[in-house]
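Here's the structure we're looking at; comments come further down.
The values are calculated or read from the model by the stated rules, or taken from the named source; none is laboratory data. The shown structure was predicted, so the numbers you read here are calculated from the model rather than taken from an experiment. In this analysis, Cβ positions are derived from the backbone assuming ideal geometry, glycine residues included, and neighbour counts consider all displayed protein chains. With ligands, DNA and RNA removed, areas are computed over all heavy atoms of the protein, side chains included. Shrake-Rupley method; radii C 1.70, N 1.55, O 1.52, S 1.80 Å.
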There are 2 protein chains.
Amino acid sequence: MSTPSAALPVPAGRAAAADALPGERIAEGPGSPAFSPLYRQIKALMTRSLQAGEWRPGEAIPSEMDLAARFKVSQGTVRKAVDELATDNLLVRRQGKGTFVATHAEQKIQYRFLRLAPDQPSGERAQRRFLDCRRQRAPADVARLLGLKAGDAAVQVRRVLSFQGQPVIYDDIWLPGKPFKGLTAERLAAYGGPLYAMFEAEFGVSMIRAEEKIRAVAADALAAEVLGVAAGSPLLSVERLSLTYGDRPVELRRGLYRTEAHHYRNELS
Amino acid sequence: MSTPSAALPVPAGRAAAADALPGERIAEGPGSPAFSPLYRQIKALMTRSLQAGEWRPGEAIPSEMDLAARFKVSQGTVRKAVDELATDNLLVRRQGKGTFVATHAEQKIQYRFLRLAPDQPSGERAQRRFLDCRRQRAPADVARLLGLKAGDAAVQVRRVLSFQGQPVIYDDIWLPGKPFKGLTAERLAAYGGPLYAMFEAEFGVSMIRAEEKIRAVAADALAAEVLGVAAGSPLLSVERLSLTYGDRPVELRRGLYRTEAHHYRNELS
DNA sequence: GAGTGGTCTAGACCACTTC
DNA sequence: AAGTGGTCTAGACCACTCC
């Protein structure tokens, strides 16, 4: 192998991605330092392969040796790229078996983004009830957050989650119309698992990370009715913007949580 | 260097820690796999040095080459240990300068654990007002969470944080009496910076990570008075347990946040 | 036994900071 | 120029999984 700073040669062609690469590693911008190490370029190429669907959720990606050959770098460099993708939760390593594309369908990773926990732990699963699923124009605020133009098609889903028979979460969910064409109340009800698993399996949309804004609010008439509390009761308001590859927003979820017997848990470090 | 599985030889003595090491790397428990790679043992030794105060917040630790010599391993192995300590936020790497012990006194890291953000960003700093600082016996629930015996000495601090003249946060803070001997209202008022910077500088207690439980609650009479809202108004209740080295709990903080113009932000991944 | 990821080493060179 | 962390390589061996 030549020096680390040399341009990456274009490896043999593959199905989905061409693995083309900028000719130089140092950005040419005037005075811009913008140095990107080799392993980050590999990481970017691999992210593209994930985004393009060359490797699908749940599947194994090629072995480190194969990737090293494909990208014409040492195994250690591939390893560092995979390490970062694994800590970003895009990949999951399993010693002796291989490296796999992360999936929301996994039993152990299900409800990865749900931070509400019961005060008294109980292995019980959530009961879902869908209130409606409508296709309509995105309101201005929703459009802005989802990166749509005001008036673009969107899908609104509203549902209630119950634990031990008690309604606890009311979710008002907005999805961009384009990638979620064909989403209906029937399909929602038919699919057993978590929403994010369905989005991934049936629409090819993988939620990678999310940003939440949390507040305390007073229950309005609708929320009070749906959640079975008095109007004016304090509820946790959780606005979640979910992002897919490349930090593209693909879901806006406004949740109201009852927190008499549950709490939102968080780890700071 | 001998094989990776060999026991670590005890390096030359140092001031604070003896760097003693278990004779074998594989735990002897019957059938227990408990394999611990070399770099994790190095990490544990370094954590001990941090805990023992051999390296203090803000100071530089020895260079990777020095550490490699001290522990009689390769630089790469030290590097992996330091990498993990850096992602755990115990250390901070600065290329060309060295590796430093993380500190809450740092301007850029200040208020690391405060997740409340204004809806309209404003570079304004918090105004603090201390309501009281009392030395007393820990109530049962506080004692349990702090790992004290019921009735052990504790320090209770209550304070209000205001932003742009508006009271926004009411904190009820409990600290174990032993390590915080000598904490008084006067010293609190005298110290300018964040509480955690003071705890670190004046009591040698470094907060490393924290666990929070968040709820929506109705303001009681006291909270309403202190925060200037109507009784019954929704407030965000944030219970934080802060931990120091070795996951030892050293602070219980119960906060009530007004969220009309602020929100608790969180990143999920 | 073959294949996978995981650890450890040794050495070269690069980028950044300080003197 | 010297010292620090950061990158990259090549090779050996270990731990785990599956056939």
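Helix content alone sets the calculated 222 nm mean residue ellipticity of chain A: runs of n ≥ 4 DSSP H residues at -39500 (n - 2.57) each, divided across all residues, give -7000 deg cm²/dmol. Across chain A, the fraction of Cα-Cα pairs farther apart than 23 Å, rounded to a whole number, is 61%.
Between this copy and the others, label points of B:Glu260 are 2.7 nm apart in ascending order, each placed 7 angstrom from Cα in the Cβ direction. Shielding of peptide A:235-244 by partners, expressed as the average count of other chain Cβ atoms within 10 Å per residue Cβ, is 3. Result for chain B in a Gaussian network model with C-alpha springs under 10 Å: among B:Pro194, B:Pro167, B:Pro121, the largest mean-square fluctuation is at B:Pro121. Note on chain B: GNM, Cα springs under 10 Å; of B:Ser63, B:Ser237, B:Ser49, the largest mean-square fluctuation is that of B:Ser63.
Convex hull of alpha carbon positions in region B:45-168: directionally averaged projected area 11.4 nm².
Need one value for A:252-263: mean number of C-beta atoms belonging to other chains within 10 Å of its residues' C-beta atoms. Per residue, the average neighbour count from other chains is 2.
Just checking the listed ones, A:Met46, A:Met198, A:Met65: in the Gaussian network model of chain A with Cα springs under 10 Å, the one fluctuating most is A:Met65. Residues of region B:76-115 whose accessible area (probe 1.4 Å, heavy atoms of protein chains only) drops by at least 20 Å² once all protein chains are present, relative to their chain alone: B:Asn89, B:Phe113, B:Arg115. Basic side chains Lys and Arg get +1 at the Cβ, acidic Asp and Glu get -1 at the Cβ, and with that the dipole of the protein assembly as shown about its Cα centre reaches some 300 debye.
Peptide B:211-222 has a mean shielding of 6, counted as Cβ atoms of other protein chains within 10 Å of each residue's Cβ. On the accessible surface of region A:33-143, probed at 1.4 Å, how many percent belong to carbon and sulfur atoms? C and S atoms contribute 51 percent here. Counting only Cα atoms, the protein assembly as shown measures 68, 66, 60 Å along its principal axes, largest extent leading. Placing +1 on each Lys and Arg Cβ and -1 on each Asp and Glu Cβ, with no other charges, gives chain A a dipole about its Cα centre of roughly 300 debye. Annotation note: trypsin sites (Lys or Arg not before Pro) in region A:165-269 located in DSSP loop regions with a Cβ neighbour count of at most 15 within 10 Å are A:Lys181. Taken across both chains, chains A and B shield about 2600 Å² of accessible surface from a 1.4 Å probe.
What the phi angles of region B:189-194 give under the Karplus curve with 6.51, -1.76 and 1.60, with θ = phi - 60°, is a coupling list of 5, 5, 7, x, x, x Hz, glycine and proline written as x. In the context of the full set of protein chains, residues of region B:116-264 present 44 Å² of accessible surface per residue (probe radius 1.4 Å, heavy atoms only).
If you wrap the Cα atoms of region B:116-264 in a convex hull and average its projected area over all directions, you get 8.9 nm². Partner lysines whose Cα lies under 26 Å from the Cα of A:Lys72, excluding those fewer than 8 positions away in the same chain, are identified as A:Lys43, A:Lys80, A:Lys97, B:Lys80. Count Lys and Arg as plus one, Asp and Glu as minus one, and take only other residues whose Cβ is under 14 Å from that of B:Lys178; the net charge is then +3. Close amide H pairs (under 5 Å, H built 1.01 Å from N) link B:Ala216 with A:Leu236, A:Thr259, B:Ser237, residues at least 5 positions away or on another chain.
Among the trypsin sites (Lys or Arg not before Pro) within region B:145-180, those in coil by DSSP and having at most 12 neighbouring Cβ atoms inside 10 Å are B:Lys149. Computed from point charges on the beta carbon alone (+1 for Lys and Arg, -1 for Asp and Glu), the dipole magnitude for region B:184-247 about its Cα centre is near 120 Debye. Residues whose amide H falls under 5 Å from that of B:Thr103, counting only those 5 or more places apart or on a different chain, are B:Gly58, with hydrogens built in the peptide plane. When A:Gln136 is represented by a point 7 angstrom out along its Cα-to-C-beta vector, the spacings to that point in the other copies are 5.3 nm, nearest first.
Along region A:131-138 the Karplus relation, 6.51 cos²θ - 1.76 cosθ + 1.60 evaluated at θ = phi - 60°, assigns HN-Hα couplings of 8, 6, 8, 10, 9, 7, 6, 6 Hz to successive residues, with x for each Gly and Pro.
Listed values for region A:231-246 are Karplus-derived 3J(HN,Hα) couplings in whole Hz (6.51 cos²θ - 1.76 cosθ + 1.60, θ = phi - 60°), namely 4, x, 4, x, 10, 7, 9, 10, 9, 10, 10, 9, 10, 10, 3, x, and x replaces Gly and Pro. Close amide H pairs (under 5 Å, H built 1.01 Å from N) link A:His262 with A:Asp119, residues at least 5 positions away or on another chain.
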